[in-house]
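Structure first, commentary second.
The values are calculated or read from the model by the stated rules, or taken from the named source; none is laboratory data. Every value quoted in this text rests on a predicted model; they were computed, and no experiment measured them. With ideal geometry, Cβ positions are generated from the backbone for all residues, glycine too; neighbour counts draw on all protein chains shown. Surface accessibility is based on the protein's heavy atoms, side chains included, excluding ligands, DNA and RNA. Shrake-Rupley method; radii C 1.70, N 1.55, O 1.52, S 1.80 Å.
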Amino acid sequence: MRPDIFGGKPIVRDMRIAVEHMLAMLAARDTAETVIAVYPELETEDIRACLLFALRAVAGESVHDRLTVRDAS
């Protein structure tokens, strides 16, 4: 998280793309392919990392600055 981007909200890989926005797109039934078409700089792993972030946040786990899908193992 960076306080200088979106008021410190979680972002994807130091990009100006909020995790919250990615989750909103997925909740609105956009597919991963649609998200990547809108944001071609994203990778499928970025979307999975957003979902993992949400899971860990809801579960009350500590969420780290840099979270990747590999962290789930």
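Against the condition at pLDDT below 90 and surrounded by 15 or more Cβ atoms within 10 Å (Cβ to Cβ), how does Ile5 come out, does it pass? Yes, satisfied.
Under the condition of being part of a loop (DSSP other than H, G, I, E, B) and in contact (Cβ under 8 Å) with a residue 12 or more places away in the chain, the residues counted in the stretch 1-11 number 3.
Beta carbons closer than 9 Å, at least 6 apart along the sequence or on distinct chains, pair a first residue in the stretch 29-46 that is within 18 Å of Arg16 (Cα to Cα) and among the charged types (D, E, K, R) with a second that is open to solvent by 60 Å² or more (accessible area, probe 1.4 Å) and assigned to a helix (DSSP H, G or I) for Glu45/Arg70.
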